[in-house]
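Read through the structure below, which is laid out as C-alpha cells, and then see the notes.
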Amino acid sequence: MKEITILGAGLVGSLLSVYLAKRGYKVSVYERRPDMRREKITAGRSINLALSDRGWKGLELAGLKDSVRKIAIPMVGRMVHSVNGSQNLQPYGKEGQAIYSVSRAALNKLLIDVSSEQTGNRFYFNQRAEIIDLEKGNIVFDSNSLIPSTKSDLIFGADGAFSALRHSMQFLDRFNLSQSYIDHGYKELTIPSGKNGEHLLHKNALHIWPRKNFMLIALPNLDGSFTCTLFFQFDGPISFSSLKTNEDVSTFFLEYFPDVVPLMPTYKEDFHRNTTSSLVTVKCFPWIYKDKCCLIGDAAHAIVPFFGQGMNCGFEDCTVLYELMNQYEEDWNMVLSEFQKLRKPNADAIADLALNNFIEMRDLVADPYFLKKKNIERLIADRFEGRYISPYQMVSFSNIAYAEALEKGKAINARLEELAAVEDVEEAITSEEMTSWIDSMFPSTPITNH
C-alpha cells in the first residue's frame, strides 16, 4: 500500500482523506494554516456554502449525510429584493428540491474530526510546502514549519487555488495553466438574528439584491443570523475603491440596499474592517504526474462561486476518484489517468457555468424578458412533468455531467428564445414538434431530491 500525502486540510482534502482511509491507506495531511478547530475564524472569511446533490452524494459515501443535515438549512429558491423593497421568490426546482446553507468552518471542522478518527490518518498544521520533488515524492516545508521535510509515494494537491503542488508541476514540459480574475471582488457582512434568535428575513431562501453590475446576497445561519456577501467592482465610479468613508458607505447602501440598512447595525464598521477578496478561475492540464502526484479540487479547477458548485464539484472529484479506486484496485496509473480524463472536461464546464450564472444573478433575475423566459420554462416543466429538467436543476439536483448540463443549457436557452417570440406559447408547447424536442433532449434522465 502506498504512503499517501495530502497537501491541504480544507473541505476536499479532509473528505479525500476519509475515502482513502476507507480503502485502508495511511494518510498524512499537511495544512499551511493553524488547526481551525482551535482558532477563531477571522471576521469576513467565513463565507457560507450552498450544498447540493453532488456534495450530498460525497458526504453520504463518507457516512456523514445525517451529521451535516443537522447543521444545514434548506433554501428552496432565490428571494429577489428590488430597490423599492418588494420581494419575489423564484423556486430553484420543484417541491422538495432545495440547496442547503452550511457554514464552511463548521463543515470543515466536522470533516477533520471524522478523518482524524480513522486509523492511520494524521494531520499536521502550520506546514507550508515550499519545494516538491515530483519524481522522488520529497516535500520540503518552509523554515517556520515544525517538520522540515517528508517523503511520500503519492501526493494529492488539495491545497487550493494557489496550490504548492501545482506550482511545482508548472515546471513540467507542456504544462498548461491559465488563471483569470473577474473585475469584481467580495466582502462579507452580517445580518444578526432578532431578539429571540429569529431570522429577520425568510429563513429558507437565498436572498439576492441584484443591481445590474453588482449584488448583495445573504445565506441563513442556524443561530438566526445571515452571512451576507457584497460582490462589487474593485474600481470605477461606484466600486470598492470609491467607498472610502463611513458617509460614502452609508450613501451607497441607502441608495441601493435601503431595506437592508435597518437589519445591519454594524454594516459600516464591517465594511471597513472585513477583507476585500478577489475571485479567480484556474484551469490547468495535466492534473497528474505518472502515478505519483494528482491535483484535486480548487488546486485543479478553481471557479467563481456564483453557481455554488466549488465545494460540490470538489466533493464530486472525491467520489469519482473513490469509485475508480474500487474499480482499478491498486493500479494508480489507471486510477489517476481515468480520473483526469473524466473530470477535466466537467471542471472546465462548471467554470463556464459559474461565470454565466453571475450575469444571471446580478443582471437578469429582475429583468422582465428573463422573467418571461422563466415563465415559459415553468409552462414547459408543467407540460412535461418528470421529463423536463432545467439547466439549474441539472447542475444542482442531479449528477448529470457538468459538460452535458452546459451543452443542454445552451440548447434550452435557444428554444426559450424562440418561444418568447411566438404569439401563442401554449400552443407551441403542446405541439408534436415540442414533444419530439423533449424526447431528444431528455430520453431518460433521473433527478434526485434531497
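What follows is calculated from the coordinates using simple rules that are stated; it is not laboratory data. Every value quoted in this text rests on a predicted model; they were computed, and no experiment measured them. As a convention, Cβ positions derive from the backbone with ideal geometry for all residues, glycine included, and neighbour counts pool all protein chains shown.
The figures follow:
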item	result
Label point distance in nm, Arg33-Glu417, each placed 7 Å from Cα along Cα→Cβ	4.2
FRET efficiency, Asn399 to Lys94 (Cβ-Cβ, R0 25 Å, nearest 0.05)	0.90
Share antiparallel - DSSP beta bridges, the chain, percent rounded to 5	75
Extended-chain gain in nm, criterion 0.36 nm per residue less alpha-carbon gap, Lys372 and Gln179	65.9 nm
Additional length obtainable on full extension of the chain from Asn246 to Ile71, 0.36 nm per residue less Cα span	59.5 nm
Dimensionless Rg ratio for the chain, taking C-alpha atoms and the 2.2 N^0.38 Å reference	1.02
Unit charges on C-beta of K, R, D, E only; dipole of the stretch 367-441, Debye	400
For the stretch 367-441, the spread of Cα positions along each principal axis, largest first, Å	35, 30, 18
Residue among Met1, Gly160, Ile73 farthest towards the positive dipole end of the chain, charges placed on Cβ	Met1
Note, ³J(HN,Hα) from phi for the stretch 318-323, Karplus 6.51, -1.76, 1.60, rounded to Hz, x at Gly and Pro	5, 5, 5, 4, 5, 4
Estimated inter-spin distance, Asp142 and Ser278, nm [label 7 Å along Cα→Cβ]	1.8
Restraint check, Lys57/Lys109; Lys57/Lys212; Lys22/Lys341, Cα-Cα greater than 28 Å	Lys57/Lys212
³J(HN,Hα), Karplus 6.51/-1.76/1.60, whole Hz, each residue of the stretch 224-235, x for Gly, Pro	x, 7, 10, 8, 10, 9, 9, 9, 8, 5, 5, 10
Efficiency of FRET between Ser82 and Arg23 - r from beta-carbon atoms, R0 60 angstrom, step 0.05	0.70
Where GluC sites (Glu not before Pro) fall in DSSP loop in the stretch 322-399, at most 16 other Cβ within 10 Å	Glu329, Glu330, Glu385
Given charges at beta-carbon only (K, R positive; D, E negative), |dipole| of the chain in Debye	1340
Debye equation applied to the C-alpha atoms of the stretch 237-357, log10 I(q)/I(0) at 0.17 Å⁻¹	-0.86
Chain lengthening between Tyr328 and Ile131 when straightened (0.36 nm per residue, less Cα-Cα)	67.9 nm
Neighbourhood net charge (13 Å Cβ-Cβ; Lys/Arg +1, Asp/Glu -1) for Ala347	0
Cβ-based net charge around Ser239, under 13 Å, with every Lys or Arg adding one and every Asp or Glu removing one	0
Cross-link reach list, aspartates and glutamates versus Lys410, counting only Cα pairs under 16 Å and skipping chain neighbours closer than eight places	Asp348, Asp352, Glu360, Glu377, Glu418
Of Lys136/Lys283; Lys283/Lys373; Lys187/Lys244, those spanning more than 23 Å from alpha-carbon to alpha-carbon	Lys136/Lys283; Lys283/Lys373
Geometric extent, Cα atoms of the stretch 45-93 - Rg, Dmax (angstrom)	14.6, 46
Point-charge dipole on Cβ atoms (K/R +1, D/E -1) for the stretch 290-337, about Cα centre, debye to 20	220
